[in-house]
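These notes concern the structure reproduced below.
The numbers here are math on the coordinates, done by the rules we state, and not lab data. Treat the numbers as computed from the prediction; the structure is a model and nothing was measured. So basically every Cβ, Gly included, is an ideal-geometry build from the backbone, and we count neighbours across all protein chains shown.
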Amino acid sequence: MTVSATSSADLRSESVRSLYDQLMARCEDINHINGIGGILHWDQEVMMPSKAAPVRARQMSVLVGLAHDLQTSPVFGALLDELEYRKTTEDLSVVLNPYELANIRLARKTYKEETLVP
């Protein structure tokens with residue numbers, strides 16, 4: 001990830017497209033981590049030897065933790081906050097299509113759910 005900003009103010013000079021692309025790159029990383037977890041789960045159910053369960057449990061735990069850390073990171077929140085701010089100051093539909101705007105709404109919803117529950 002190339003994003004190092006931790007607040008919306010650090011992102012003010014970025015274009016809406018750049019902010020969106022950075023957010024989606026993070027979402028894609030989260031999706032890949034979750035996909036790896038799915039493969040590990042499938043292997044656990046289908047092929048894994050029973051004595052490997054403790055190691056697999058740890059692997060799954062690490063993946064879930066990584067996905068959660070990415071999804072609740074200050075950078076992820078800052079990107080969402082800046083896009084939310086831009087929504088109040090400019091028409092995002094000029095730059096982003098309806099699907100991209102929906103992606104932002106869904107990312108915001110998931111971020112809120114993940115950060116509000118301890």
inquiry  = With a cut-off of 8 Å between alpha carbons and a minimum separation of six or more residues, what is the relative contact order of the chain in percent?
reply    = 41 percent
query = Where does each of 80-86, 36-42 land if you order them by average Cβ count within 10 Å, highest first?
reply = 80-86, 36-42
query = log10 I(q)/I(0), Debye, Cα-only the chain, no solvent, q = 0.10, 0.13, 0.14 Å⁻¹?
reply = -0.38, -0.58, -0.65
inquiry  = Run the reach check for K109 against aspartates and glutamates, Cα to Cα strictly under 13 Å, same-chain hits fewer than 8 apart removed. What comes back?
reply    = D81, E84
key: Listed residue (F76, N103, V46) projecting farthest to the positive dipole end of the chain, Cβ model   = V46
ask   = Tilt of helix 53-71 relative to the longest C-alpha principal axis of the chain, in degrees (0 to 90, nearest 10)?
value = 0 degrees
ask   = In Å and whole numbers, how far do the C-alpha atoms of segment 41-86 stretch along each principal axis, longest first?
value = 52, 16, 6
